[in-house]
Structure formats: structure tokens, C-alpha cells
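Only one structure is covered here, and it is reproduced in the block below.
The values are calculated or read from the model by the stated rules, or taken from the named source; none is laboratory data. Source: prediction; values computed, not measured. FYI the Cβ positions are ideal-geometry reconstructions off the backbone, even for glycines, and counts take in every protein chain you see.
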There are 2 protein chains.
Amino acid sequence: MARIVMKFGGTSVADLDRIRAAAAHIKRETDAGNQVAVVVSAMAGQTNQLVEWTRQASPIHDAREYDTVVSSGEQVTSGLLAIVLQSMGVDARSWQGWQIPIRTNNAHGAARIEDIDPTTLIERFEMGQVAVVSGFQGLGPDNRVATLGRGGSDTSAVAIAAAIEADRCDIYTDVDGVYTTDPRIEPKAARLARVTFEEMLEMASLGAKVLQVRSVELAMVHGVRLFVRSSFDDPHGAGAGSQSNMPGTLICDEDEIVEKQVVTGIAYTRDEAQISLRRLPDVPGVSASIFGPLAEANINVDMIVQGASDDLSKTDLTFTVPSGDVETALSVLADARDQIRYEDVQSDGGLVKVSVIGIGMRSHAGVAATAFRALAEKGINIRAITTSEIKFSVLIGADYTELAVRTLHSVYDLDNR
Amino acid sequence: MARIVMKFGGTSVADLDRIRAAAAHIKRETDAGNQVAVVVSAMAGQTNQLVEWTRQASPIHDAREYDTVVSSGEQVTSGLLAIVLQSMGVDARSWQGWQIPIRTNNAHGAARIEDIDPTTLIERFEMGQVAVVSGFQGLGPDNRVATLGRGGSDTSAVAIAAAIEADRCDIYTDVDGVYTTDPRIEPKAARLARVTFEEMLEMASLGAKVLQVRSVELAMVHGVRLFVRSSFDDPHGAGAGSQSNMPGTLICDEDEIVEKQVVTGIAYTRDEAQISLRRLPDVPGVSASIFGPLAEANINVDMIVQGASDDLSKTDLTFTVPSGDVETALSVLADARDQIRYEDVQSDGGLVKVSVIGIGMRSHAGVAATAFRALAEKGINIRAITTSEIKFSVLIGADYTELAVRTLHSVYDLDNR
């Protein structure tokens with residue numbers, strides 16, 4: 001017997017047929033004697049409809065009322081899934097965030113979970129009852145529903161898994177796991193059987209859409225093993241009852257991975273833009289004078305490269321921002337020109353960041369050099385480089401995205417996984 | 001300054017345009033310095049969609065989960081209306097039943113309100129804030145949302161009006177008041193300026209759809225003055241700020257009505273069926289042996305007529321049930337034949353009950369006789385008659401519905417109101 005959390009995303013509960021399929025997956029687990037808490041998203045499309053209504057009500061609106069409207073989507077799914085489970089002979093009960101309660105901070109629309117009282121859920125497990133919990137929401141200190149922001153149901157699932165000390169948290173989605181890269185670009189991409197939290201965190205941050213970044217962070221901190229699998233698989237298929245036989249990707253601690261790869265995957269983020277400030281005074285505090293105002297404007301600055309200028313008392317500084325933020329960034333920089341004292345500013349869109357991720361890089365030298373050489377051989381110009389312990393990223397022209405991804409996938413031998 | 005409750009039904013909040021119109025009515029009242037609690041239904045069609053989903057999930061389902069799903073409709077409206085009000089500069093906040101709380105009993109799907117804590121709402125009034133309350137729902141003793149049954153938003157509005165000691169409760173709907181009869185049958189039907197609780201209760205029970213029966217009962221018990229008016233009127237029209245000038249119908253105590261009419265209105269209910277049991281033993285307990293089993297089968301028995309049979313030791317008994325219940329009723333009676341010992345049973349559908357209502361009947365004799373004479377002159381055969389203090393009803397063939405309604409409307413001089 002195990003205690004598990006099963007999370008179903010919007011496409012996995014899109015209509016009554018999909019909800020019945022989800023219920024069949026759940027029944028398989030309860031039939032195997034497992035204690036189950038289910039976390040559900042809104043039916044696909046519902047959240048968009050609700051968000052659109054709040055926008056029509058007023059383009060600028062109170063986040064508390066937005067939360068009241070939008071959280072109703074998950075409420076509907078939780079009730080419907082409980083009804084379907086009951087009709088299949090599975091004892092089930094729906095739970096909203098305010099009932100458990102799942103306590104959050106007061107940041108309506110982007111709240112963080114602060115505390116989950118597991119008492120009621122565990123009592124119900126002892127009675128053999130499945131808890132169907134609305135994801136994406138909790139109860140704020142103002143006694144109002146607070147939503148966690150888009151994709152927050154993953155975070156709900158992990159937080160509940162941590163609170164009830166679940167053996168694992170299964171994330172049912174419309175893909176059957178995490179891949180070495182995007183299969184739409186590289187058909188040879190292979191599903192990873194296991195990947196570490198750290199690697200998954202980098203992949204999620206770098207555009208792999210399987211899991212929300214915060215949910216991976218939370219899983220890593222609390223040691224919640226995540227298993228990503230498809231809700232479109234046959235619920236009664238080969239994997240029934242035993243996680244190890246199911247197709248999917250386990251996201252876990254490094255020590256659970258016996259055969260470590262140097263490189264695990266290739267990720268990319270489109271729509272990057274580069275902004276360069278020319279001939280700044282090379283004095284302490286110049287970085288703060290640039291990035292302070294950008295942060296205040298809520299602009300996410302990424303790859304920062306500082307280079308020498310011709311004049312040794314001056315420096316050049318280049319960084320990337322999402323394409324959509326270029327205009328705002330340039331306007332912020334123009335306003336701060338008197339403080340920053342740059343001589344010229346240039347911007348360049350149409351860029352993409354391609355990243356190579358692998359926990360094995362920690363102990364292997366020369367991993368990045370292999371990439372630089374391979375990209376150079378294909379004539380791909382690298383505009384900027386950043387590295388961290390377990391990944392490095394290169395900024396290149398968007399036209400080269402597919403070529404770069406395939407080249408790197410091949411050079412690190414991921415084609416044959 | 002007055003403290004008022006404003007209730008908007010489904011067609012009055014059917015889309016964002018209608019919600020904006022409702023908000024304009026509310027702003028008129030707050031601009032006039034009134035304290036306002038708003039009670040909203042789900043957007044027209046939403047509740048049907050949610051009910052249909054629960055039916056698709058399983059035809060037989062847990063009322064607690066039904067409530068979780070269906071109550072989301074009002075939640076959405078409350079949030080959207082609060083956003084629209086805020087965008088118009090009106091301080092507003094949405095409230096769900098569990099937040100106030102509105103405590104109900106445990107009869108999920110058809111719960112009764114037991115207690116409303118007015119403290120928070122009144123605190124917010126003092127701060128100049130409008131409370132936008134989700135109708136149709138409260139919090140059951142099991143800490144779950146409990147709905148009041150279809151049309152329950154009227155009841156929510158009256159219960160809140162009683163709890164906050166409102167000066168009146170305005171029911172905004174898609175008609176502009178209560179009429180002497182159905183204007184689709186009698187174009188000379190006139191809007192009543194005032195009607196007593198007792199009369200309204202009879203009208204609502206007898207098929208006038210303007211208000212839910214329970215809400216009228218509750219208003220009568222707590223002395224909540226109800227004002228039925230149209231949300232489709234110009235919010236800035238002649239009636240602004242002052243209830244007495246608005247088109248609509250005030251439902252109030254008898255002593256608020258100076259000029260009492262003998263007859264106030266003509267109501268009718270279609271789809272009645274008559275069941276006759278022939279030659280029963282005329283002994284004590286025979287009624288109980290018939291109506292006990294029918295009540296257990298949840299069949300609503302109405303007009304009961306007991307007549308003499310040829311054989312003096314026997315009696316005939318005739319009663320009406322809704323057409324849809326005839327088959328079940330006959331089956332129940334067949335099962336109980338050994339106890340009841342009737343010799344024959346007959347049933348007849350296609351009947352209609354036409355009722356004449358007026359508080360003045362208490363002090364006027366011969367009111368019913370006028371009707372019987374008028375109907376006889378038109379050749380309308382009366383199948384059964386029931387009377388109460390302030391109304392009488394006749395059962396006739398459905399083909400005569402329009403003729404009977406118009407004849408009675410005319411004979412009691414309602415055409416010239």
C-alpha cells in the first residue's frame with residue numbers, strides 16, 4: 001500500500017469522457033489498495049473563459065474578485081470527478097482550498113501556499129475515501145479564495161503530497177513524460193526514464209512546458225518524487241498498480257539515478273531579445289543603476305555579459321530580455337540615462353536561447369567546449385554564453401533554432417537513448 | 001438613507017452587458033446614500049449547463065457534489081458584478097455563503113437557511129461598501145456548500161434582508177411586477193401596485209412564476225417588504241432613488257394596503273390530472289390508507305373531493321395530482337388495493353386548475369358563486385372546487401383555460417384596474 005497524489009491537468013479533464021478516463025486511472029490505484037488524493041485543474045478552456053469574463057468586466061480589476069471568479073473552474077471539476085468516482089463504486093469527496101484548508105499568503109492571483117492541514121485528508125484516507133482537491137487555489141489570510149497563478153495546480157499537487165507525506169506525486173498530462181528535447185524539432189528525442197529535480201528545474205525554467213517551475217522547486221525542497229505520465233494511456237494497461245512499469249518520467253533525487261548521463265536534455269526558449277549598452281563608466285554601482293530600474297519595471301533580465309570597451313575606463317554591457325519587454329526596457333533605460341551614463345544603446349530581437357542540461361556536467365570538464373565546436377562547424381554564431389553548475393546556454397539567431405537543437409542532441413549522443 | 005437588498009435573477013445578469021445594467025441600478029441606490037446588499041443568481045443558462053454536467057457525470061449523484069458543482073454559477077456572477085461595480089467607482093466585495101456565513105441545514109440540493117450572521121455585512125456597510133452575495137447557497141453543518149434548490153436566490157435575498165434588517169428587498173427580474181393574471185392570456189391584465197403577502201403566496205403556489213413560494217413565506221414571517229421590478233428599465237429613469245415612484249409591485253402587509261380589492265388576481269396551473277376511486281368502504285381510516293402511500297411516493301395530492309355513492313356504506317373519492325405523476329400514483333394505488341378496497345379506479349388528464357385570489361374574500365360573501373354562475377354561462381363544466389380563506393379554485397378541462405381566465409378576469413372587474 002502506498003499513499004499517492006494524482007494530479008490531472010486541464011486537457012486530462014477536458015470533458016466528461018476525459019473525466020471518466022481520469023477516474024479509471026484513480027480506480028486502478030485504489031483497487032491496488034493505495035490511499036489517493038487527487039488534484040484537478042479546470043476543464044480545458046474553462047479558465048480562459050472565466051479570465052475573459054473578468055477582462056470584459058473591467059480590464060483592470062481587483063485580484064480578489066478575479067480569484068473568486070476564476071477558482072470556480074477547479075471547483076466544478078472536483079465535484080464532477082467525485083460524482084464519476086462514486087458512480088464507479090469509489091468512495092470520493094471533493095475539497096476546495098477553503099475547506100481543507102490550504103492556507104496561502106495574501107498575494108491574490110499569484111499566491112504562495114504557506115500551510116496545509118493534512119488532518120482531514122488523512123482521516124478520510126483511513127475511511128477508504130479518495131480526496132478530490134481543487135488545484136490552483138487556497139484560502140488567504142483575508143478569508144477569501146486566493147489562486148496560485150496559471151499552472152498552479154502542479155504546485156498544489158506537490159504541496160499536498162508534502163503535507164500528507166505521500167510516497168509519490170503522479171502528474172497526469174497530455175504527454176507521456178519528459179523528453180531529451182522537443183520531439184517536434186527532433187523526432188529522435190527520447191523519453192527520459194528518470195531525471196533529477198535540478199535538471200527538471202532547469203528544463204522547466206528553460207521552456208519545457210511539462211511542469212510549472214515552482215512545483216519542481218517545491219518537490220525538490222520537500223523530496224516529493226514526481227512521476228510525469230499520460231492520462232491518455234490505457235488505465236488498465238501494463239503499468240497497472242505498479243509505478244515502475246508505467247511509461248513516464250520519474251523526477252527524483254540524484255541518488256535514485258544509478259546510470260547518470262553527462263547531458264540529459266536540450267531545451268530552448270524563443271523570443272529572446274538582446275540589449276547592449278555601449279561605453280559605460282566602468283565604476284562600482286553601474287550594474288545596480290541599470291538592473292535596479294529594470295527590476296522595478298518587472299522586466300526579467302537574463303544572460304548578462306560584460307565586455308571590455310576600447311577605452312579602458314569604459315565598459316560594454318549586454319543582456320537579454322523577453323522580446324515583449326524590449327520597448328519597456330528601452331524606455332526605462334532612457335529615463336535612467338543620466339544615472340547610467342551610457343553613450344549608446346542597441347537592441348536586437350529574433351534571438352533564441354538554447355540550453356544543454358545535465359547533472360553530470362558537475363564532474364565532467366569540457367562539456368561546453370564540445371557544443372561550441374559543433375555549433376561552429378555548422379556556422380552558427382554564438383551571441384552570448386551563460387553557464388551554471390548543471391547547464392549552459394547559448395544565445396543564437398532564431399533561424400538556427402532547429403539546426404542547433406538537432407546538432408546538440410546528436411553531439412551529446414541523445415539520439416540513441 | 002435606507003438599507004436595501006437588491007436581488008438580480010439569471011436573465012438580469014445573463015451577460016456582461018446585463019451585469020453592467022444591474023450595476024447601474026445599484027449605483028443609483030448607493031448614489032442616493034443607501035446601504036446595499038446585492039444578491040445574484042447564476043448567469044442565465046449557466047446553472048442548466050452545470051446541472052447537465054452533473055447529470056452526464058452520473059444520473060444518480062451525491063447531492064453534496066451536485067452542490068459543489070452547481071453553486072459555482074453564482075460565485076462567478078458575484079465576482080464579475082463586484083469587478084464591474086468597482087470599475088464604476090462603487091466600493092464592492094463579493095461574498096459566498098461560506099464566508100458570511102449563511103448557515104443552512106444539511107438537506108443538500110434543497111437546504112433551508114437556518115442562520116445568517118449579519119456582522120460582517122453591516123461592518124462593510126458602515127465603510128460604504130456594497131456586499132455582492134451569491135444567492136442560492138449557504139454553508140451546511142458538514143462545512144460544505146449547500147444549495148437551496150432552484151429559484152433559491154429569492155429566498156437568499158429575503159433571508160439576508162431579514163438578517164440585516166433591511167428597509168426593503170427589491171427583486172429585479174425580467175417582468176415589471178405582479179399582474180392580475182397572465183398577460184399572455186388576457187392582454188387587459190394590469191400590474192398590481194400592491195399585493196399582500198398572503199395573496200402573493202397563493203399566486204406563487206398557483207403558478208405565478210415571479211417569486212419562489214418559500215421566499216414569500218419567509219418575507220411574510222419576517223415582515224420583509226418585497227418590491228418586484230424590472231432590471232430592464234432605465235436605471236436612471238423616473239424612479240431613481242425613491243421606491244414609491246418606480247414601476248413595480250410592492251408585496252407587503254395587509255395594513256399597508258388602503259384600498260382593498262375583493263379579488264386581486266386570477267392564477268392557473270396546467271397539467272393537472274384527476275384520479276377517482278369508486279365505491280370505497282365508507283369507514284374511518286380509508287383516507288389515510290390512500291394518501292399515506294401516495295405521500296411516501298412523493299406525490300403531491302391536491303384537490304380532494306369525497307362524494308356519496310349509490311350504496312350508502314360506500315363512498316367515491318376524487319383527487320388531483322400533477323399529470324406527470326399519474327402513472328406512479330396508479331401503480332401505488334394498485335399495490336395498496338387490498339388495504340383500500342376500492343372497486344374501480346379511473347384517471348383523467350388534460351385538466352387545469354384556475355384560481356381566484358383576493359384578501360377581500362374574507363369579508364365578502366358570494367364571491368365564489370359569481371364565478372360559478374359566470375363559468376356556467378360560458379358552458380364550462382366544473383370538475384372540482386376547493387376553497388380557502390382568500391382563494392378558491394376550480395378544476396376544468398384544459399381547452400377552457402383561456403376562456404375561463406378571461407371570463408373571471410372580467411367578472412371581477414380586473415379588466416378596468
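B:LEU277: over 29 Å from B:ALA162 (Cα atoms), at pLDDT 90 or above and not in a strand (DSSP E or B), yes or no?
Taking the combined requirement at face value, the residue does not satisfy it.
Residue-wise test of (1) under 28 Å from B:VAL262 (Cβ atoms); (2) modelled with pLDDT under 95; (3) surrounded by 15 or more Cβ atoms within 10 Å (Cβ to Cβ); (4) not assigned by TED's automatic domain parsing to the domain that holds B:ILE185.
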{"residue": "B:ASP325", "(1), (2), (3), (4)": "no, yes, yes, yes"}
{"residue": "B:ASP338", "(1), (2), (3), (4)": "no, yes, no, yes"}
{"residue": "B:ALA368", "(1), (2), (3), (4)": "yes, yes, yes, yes"}
{"residue": "B:THR401", "(1), (2), (3), (4)": "yes, no, yes, yes"}
{"residue": "B:THR407", "(1), (2), (3), (4)": "yes, no, yes, yes"}
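Please verify whether B:SER355 is hydroxyl-bearing (Ser, Thr, Tyr) and over 21 Å from the mean Cα position of the chain (by Cα), treating the condition exactly as stated.
Here the answer is no, as B:SER355 does not meet what is asked.
Looking at A:VAL332 and the list (1) over 14 Å from A:GLN274 (Cα atoms); (2) in contact with a strand residue (DSSP E or B) (Cβ under 8 Å, 6 or more places away or on another chain); (3) crowded, with 17+ Cβ neighbours inside 10 Å, which single condition is not satisfied?
(2)
Given the criterion crowded, with 17+ Cβ neighbours inside 10 Å and outside the structural domain of A:MET220 (by TED's automatic domain parsing), identify the matching residue among A:ILE290, A:ILE304.
A:ILE290
I'm trying to understand the selection: among the residues of region B:141-161, which are assigned to a loop (DSSP other than H, G, I, E, B) and either in contact with a helix residue (DSSP H, G or I) (Cβ under 8 Å, 6 or more places away or on another chain) or at pLDDT below 95 (or both)?
Listed by number, the residues that qualify are B:ASP142, B:ARG144, B:LEU148, B:GLY149, B:ARG150, B:GLY151.
Report, by residue number, each residue of region B:130-140 that is within 12 Å of chain A (Cβ to nearest Cβ) and in a loop (DSSP other than H, G, I, E, B).
Passing the criteria: only B:GLY140.
Picking from A:VAL70, A:VAL76, which residue would you name as being among the hydrophobic types (A, V, I, L, M, F, W, C) and in contact (Cβ under 8 Å) with a residue 40 or more places away in the chain?
The unique qualifying residue is A:VAL70.
What pairs come up if the first residue lies in region B:404-417 and is of a type outside the set (Phe, Trp, Tyr), the second is surrounded by fewer than 18 Cβ atoms within 10 Å (Cβ to Cβ) and part of a helix (DSSP H, G or I), and their beta carbons are under 7 Å apart, counting only those six or more places apart or on different chains?
Hits for this filter: B:THR407/B:ALA374; B:LEU408/B:ALA374; B:HIS409/B:ASP415; B:VAL411/B:THR370; B:VAL411/B:ALA374.
Looking only at region A:220-238, decide whether some residue is within 27 Å of A:ASN416 (Cα to Cα), acidic (Asp, Glu), outside the structural domain of A:ILE340 (by TED's automatic domain parsing) and within 13 Å of the chain's Cα centre (by Cα).
Scanning region A:220-238, I find no residue that is within 27 Å of A:ASN416 (Cα to Cα), acidic (Asp, Glu), outside the structural domain of A:ILE340 (by TED's automatic domain parsing) and within 13 Å of the chain's Cα centre (by Cα), so the answer is no.
For region B:301-335, name all the residues that are over 15 Å from B:VAL345 (Cα atoms) and of a type in the set (Asp, Glu).
Hits for region B:301-335 are B:ASP302, B:ASP310, B:ASP311, B:ASP325.
Within region B:35-67, can you find the residues that are in contact (Cβ under 8 Å) with a residue 60 or more places away in the chain and of a type outside the set (Val, Ile, Thr)?
B:GLN35, B:ALA37, B:SER41, B:ALA42, B:ARG64, B:TYR66, B:ASP67
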